[in-house]
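Heads up, the thing below is written out as structure tokens.
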Amino acid sequence: MASKIPTTMTAIEITQPGGPLVLKPGKRGVPEAGPNELLVQVHAAGVNRPDVLQRQGHYPPPPGASDIPGLEIAGDVVAVGSAVTRFRPGDRVTALVAGGGYAQYCTVHETTALPIPAGYGFIEAAALPETFFTVWHNVFERGGLKSGETFLVHGGTSGIGTTAIQLASAFGAYVITTAGSDDKCEACLKLGADRAVNYRTHDFVDAVKEATGGKGVNLTLDMVGGDYTERNYDAAAVDGRIVQIAHLNGAKATVDVSKIMIKRLTHTGSTLRARPVEFKAGIARELELKVWPLLVQRRVAPVIDMVYPFHEAWRAHERMEEGKHVGKIVLDVS
Ligand SMILES: NC(=O)c1ccc[n+]([C@@H]2O[C@H](COP(=O)([O-])OP(=O)(O)OC[C@H]3O[C@@H](n4cnc5c(N)ncnc54)[C@H](OP(=O)(O)O)[C@@H]3O)[C@@H](O)[C@H]2O)c1
């Protein structure tokens, strides 16, 4: 097996911070698997908003991570480190990585790799890790969403949003979401949202109050921040929780903190990429146990917006920045 592995590979490099065209194919050495790592021949890589932020120079890779963008991959295991116990060369895996996904080969800690769900190809499999790990942790572990609760997710057609709608709905929550057009709202309803609010034409706080009989939502997953921060407090139920995962409208907000006190709100948040591998491994175990069976049954599935050839990663970033996508954008690395 090892003799088939080349010494160099093509990877998409960020040649300098800037627009999509700074993404260019370059030659790199094939990375070597450490003791607990797999070397994966990548067949597909997911594209995520954090990759765009990294390309723009706003989101540097954490210490020790590759400077090549790409946080999720799917492919064939071609070599394993000396301490690897679960996977073998020839296994098909999907994996969360801290960087290096836009490449023909990528190393992965074995505990953040998962077997590709039965019936899934590499393109769909590569669209799973980043949003499923993020949503599982922030909505179910950190946010504590329970069956029968009401859940609001902003950006319903984003990679994160399409995953959050499906998982929250599958686990018995009443799901309200926001999106920037009527077509996008329609797509959210098809994915299982109970209510979709076009935030350009309707006030989401009013819509939430109407949908919940004036009570407000138990949990909000927010990627917007800025002026949404206080409005999320207004849309929350008593003892409501708000989980912040990004701030597309700005990191700073002026809020009336008495609203937190009066409703006994909890406002928390997290970032996934810089967390230790042991933490990510814990999420991987939970996903395999509780979510992989739903994927196999197709009760939830990744929503694929567009697939681009690997060498045209710049087009994938252009598509994401246009903001017209519904679901995931994926690179075909075959
Ligand atoms: N904290 C973490 O661990 C973590 C992990 C992964 C991703 N993230 C973050 O999560 C966000 C989503 O990531 P992604 O890869 O899924 O990106 P994406 O598909 O590009 O999603 C961005 C979404 O934001 C929506 N949006 C922008 N302004 C909005 C507003 N005012 N109200 C409602 N929606 C608004 C856009 O929808 P419209 O066109 O409808 O406006 C779009 O669907 C990104 O900011 C990313 O950095 C965080």
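The values are calculated or read from the model by the stated rules, or taken from the named source; none is laboratory data. For clarity, every value in this text was computed on a predicted model and none was experimentally measured. When we count neighbours, we look across all protein chains shown, and the Cβ atoms used for this are built from the backbone with ideal geometry, even at glycine. The area values use the complete protein model at the heavy-atom level, side chains included, leaving out ligands, DNA and RNA. Shrake-Rupley method; radii C 1.70, N 1.55, O 1.52, S 1.80 Å.
Counted residue by residue at 0.36 nm each, then reduced by the alpha carbon distance between them, the extension gain from Arg200 to Glu321 reaches 41.7 nm. Per residue, the chain exposes an accessible area of 42 Å² to a 1.4 Å probe, with every protein chain left in place. Taking GluC sites (Glu not before Pro) across region 12-120, the ones in a DSSP loop with at most 14 further Cβ atoms lying within 10 angstrom of their Cβ are Glu32. FRET efficiency for the pair Ile5 and Phe279, taken as 1/(1 + (r/R0)^6) with r the Cβ-Cβ distance and R0 = 25 Å, rounds to 0.25. Among Arg298, Arg319, Arg55, which one shows the highest mean-square fluctuation when the chain is modelled as a Gaussian network with alpha-carbon springs under 10 Å? Maximum fluctuation in the GNM of the chain, among the listed residues, is at Arg298. Spacing of the modelled spin labels on Asp183 and Arg88, each 7 Å from Cα toward Cβ, amounts to 4.9 nm. Taking every C-alpha pair closer than 8 Å and separated by at least 6 residues, the mean separation divided by the residue count of the chain gives a relative contact order of 18 percent. Name the shape class, rounded, prolate or oblate, that the alpha-carbon gyration tensor gives for region 1-152, where a ≥ b ≥ c are the square roots of its eigenvalues, rounded holds for a/c under 1.5, and otherwise prolate holds if a/b is larger than b/c and oblate otherwise. Oblate, since a/c reaches 1.5 and b/c is not below a/b. The long axis of helix 277-290 is offset from the longest Cα principal axis of the chain by roughly 70 degrees.
Across the options Ile123, Val108, Ile73, the greatest Cα extent toward the positive end of the charge dipole of region 66-126 (unit charges at beta carbon of Lys, Arg, Asp, Glu) belongs to Val108. Is region 164-214 best put as rounded, prolate or oblate by its Cα gyration tensor, with a ≥ b ≥ c the root eigenvalues, rounded for a/c under 1.5, and otherwise prolate when a/b is larger than b/c, oblate when not? Note, shape of region 164-214 comes out oblate.
On the beta carbon distance between Leu289 and His311, with R0 = 30 Å, the FRET formula returns roughly 0.20. Considering only DSSP beta bridges with both partners in the chain, what is the antiparallel share in %, to the nearest 5? So the antiparallel bridges amount to about 55 percent of the total.
Solvent-accessible area assigned to carbon and sulfur over region 166-311 amounts to 54 percent, based on a 1.4 Å probe. Using θ = phi - 60° in the Karplus curve 6.51 cos²θ - 1.76 cosθ + 1.60, the 3J(HN,Hα) couplings for region 236-245 round to 7, 7, 4, 6, x, 10, 10, 10, 9, 10 Hz; x is entered for Gly and Pro. For region 75-179, trypsin sites (Lys or Arg not before Pro) meeting the loop criterion (DSSP other than H, G, I, E, B) and having at most 15 other Cβ atoms within 10 Å: Arg86, Lys146.
A Cβ-based charge dipole, computed about the Cα centre of the chain with Lys and Arg at +1 and Asp and Glu at -1, lands at about 360 debye. For Ile329, neighbours were defined as the other residues whose beta-carbon sits under 12 Å from its Cβ, and their charges (Lys and Arg +1, Asp and Glu -1) total -4.
Multiplying the residue separation of Val238 and Glu141 by 0.36 nm and subtracting their alpha-carbon distance yields 32.9 nm. Which shape class, rounded, prolate or oblate, goes with region 140-237 when its Cα gyration tensor gives a ≥ b ≥ c as root eigenvalues, a/c under 1.5 marks rounded, and past that a/b bigger than b/c marks prolate? In terms of gyration-tensor shape, rounded. For Lys190, the aspartates and glutamates whose Cα comes closer than 13 Å to its Cα, not counting residues fewer than 8 places off in the same chain, are Asp182.
Computed from Cα positions, the angle between helix 313-322 and the longest principal axis of the chain comes to roughly 10 degrees.
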